[in-house]
Each structure stands twice: as structure tokens, then as C-alpha cells.
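Asker: Can you keep this structure in mind? I'll have questions shortly.
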Amino acid sequence: MRRSFVLSWVLGLVLLAAWEAAVHFNQTSALVLPAPSAIWQSLLQGLSSGYLWPHIATTLTEVVLGLLLGATLGFAGGVFLGESARWRDVLMPYVVISQVVPKLALAPLFIVWFGFGTLPTVVITALICFFPLLENTVTCMQQVNPQQLELFRMLRASRWQTLWRLKIPAGMPSIFAGLRVAVVLAWVGAVVGEFIGGSKGLGALIIAAQGSMDTPLMFAVLTVITVLGLVFYKLTQWLGQLWLPSLKDF
């Protein structure tokens, strides 16, 4: 594990060094592809001057709110549809339709309905986060060990007891897998929402940097998004590892 971690970092450093060398060797303009050193300088300048922090705070707020809303609805909807075959057959086509429609096409509509600012971005983020958790929850509700279900029936457990003491604990690995996917997609939703209707946030800053031809700043903002997304993913992974050992008692 430690060796893989070191190799991963070494590979990243080698790629960055190759990128830096290629830019200097080919004398590539910073407008086309800035060197990692120029991106790092732009990032430090943005952080030290305080220019980036309000945008980071705005995007973080949208990601957290959208993730909480989407994950809550996804988990609750997954439990409901997993427990009711009739409603699953009725509602699942509409759930799928809500996901196959491009969110970039929906963003202007959300701006018309909810106005500019944080709310439409939160709605887009929640809509993107909703499906992975719902799909994984529905799937795990249907894949419970039949022998364990029979044991609960023999013990005359109620449907509610079977759900909360067997189905949900047994399905937690799948549910956390869906949550990890949702955490990654939350950043996509927030940035896409800010592309269309945001005046603040990292997505809006990318558009502003593009308009001013500040390519190093664009890459610096992408670096911030990447790092924060990775931190959120690792935090979710850590929470899953913290939670899952307790499920061995079930």
C-alpha cells in the first residue's frame, strides 16, 4: 500500500516535470498551454491575495448543499423504490429520463425558474448526485441474502425491522459506493451550473479567466477543483471505512 502511494506520487511528479520540460523545449505560449510553474505561481498569487477564497467558498457551499439534498433524496427514494416493486416499475422510467436529459440544457431553464445565484446551481448539483445513490440503494435492497431474509421471517421481524436491521446494513457497501460517485459528480454539477448562471464560484471564475485570456488562472482554478474534489472523495472513502467494520455485527 505504501509502495503504491509512493509510486503514484513519483508518477505525478514525473508527468509534471515532463510537462514543464515540453513547454520550455517547444516554447509553447502560456495562452495555449502554461507550464506547471506558471500555474503554481498564478495559484499562489490568487490564494495569497484573497482573490480565490470567495469563489472557493461559493462553490463549496453549492457542492455541500447540492450533495446533501441529492444524496438524501437518492437514499430515501432508493429505499422506497427498493421496497415497492409496483412503484419501482411506475417511477423508474421517469427517474432515468431525468438523468438522460443533459444538465447543461436544463441550466437555462433553472435560471428562469429559480433566478441567478446559488439556488439553480444547487438544484443542478442535487439532480446529478441523486441518481447514483438511488440506483445503488435500489440494487442493494434487491440483493439481500435470501437465507438472512428467511431467518428474519422466522423470527417474525416486522417489515420495518427487516429494512433497518438487515437490508440497509447489508447494503451499506453499495450505498457508500454510490455516495462516492455522487461526491465526484457534485463538483461537475456545481461547476456546470456556475458556467451558465453564476457570478461567483470556481466555474464562473473559469469563464472569466477564459474571457481575459488568462490561461494560467484557468489551470489554477482547475487545480483547486481537482484537489477539493479529491479531498471530498477521500473523506467519503474514509467515512465508509470507518462505518463498514461496524456492519460485521449484523
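Just so you know, all these numbers are worked out from the coordinates, no wet-lab data involved. Because the structure is predicted, anything quoted here is derived from the model rather than measured. Neighbour counts are summed over all protein chains in view; Cβ atoms, including those assigned to glycine, are modelled from backbone coordinates with ideal geometry.
Asker: Using only the Cα atoms of the chain, what semi-axes does the equivalent ellipsoid have when each is the square root of 5 times a gyration tensor eigenvalue? Give whole Å, largest first.
Answerer: For the chain, the ellipsoid semi-axes come out as 41, 24, 14 Å.
Asker: So what are the ³J(HN,Hα) numbers for segment 10-25, from phi and the Karplus equation (6.51, -1.76, 1.60; θ = phi - 60°), rounded to whole Hz, Gly and Pro as x?
Answerer: Running phi through 6.51 cos²θ - 1.76 cosθ + 1.60 with θ = phi - 60° gives 4, 4, x, 5, 5, 5, 5, 5, 5, 4, 4, 5, 5, 5, 6, 5 Hz.
Asker: If you rank Val10, Val192 by fewest surrounding Cβ atoms within 10 Å, what's the result?
Answerer: Exposure proxy ranking, most exposed first: Val10, Val192.
Asker: A further question on this structure: Spelling out what I want: for every residue of segment 115-125, take phi, set θ = phi - 60°, compute 6.51 cos²θ - 1.76 cosθ + 1.60 (Karplus), and round to whole Hz; glycine and proline get x.
Answerer: x, 7, x, 6, 4, x, 5, 4, 5, 4, 4
Asker: In addition: For helix 215-243, report the angle its Cα long axis makes with the longest principal axis of the Cα atoms of the chain; keep it between 0 and 90° and round to the nearest 10°.
Answerer: 30 degrees
Asker: Continuing with the same structure: How far apart, in nm, are the 7 Å Cα→Cβ label points at Ala85 and Asn145?
Answerer: Modelled inter-label distance: 2.3 nm.
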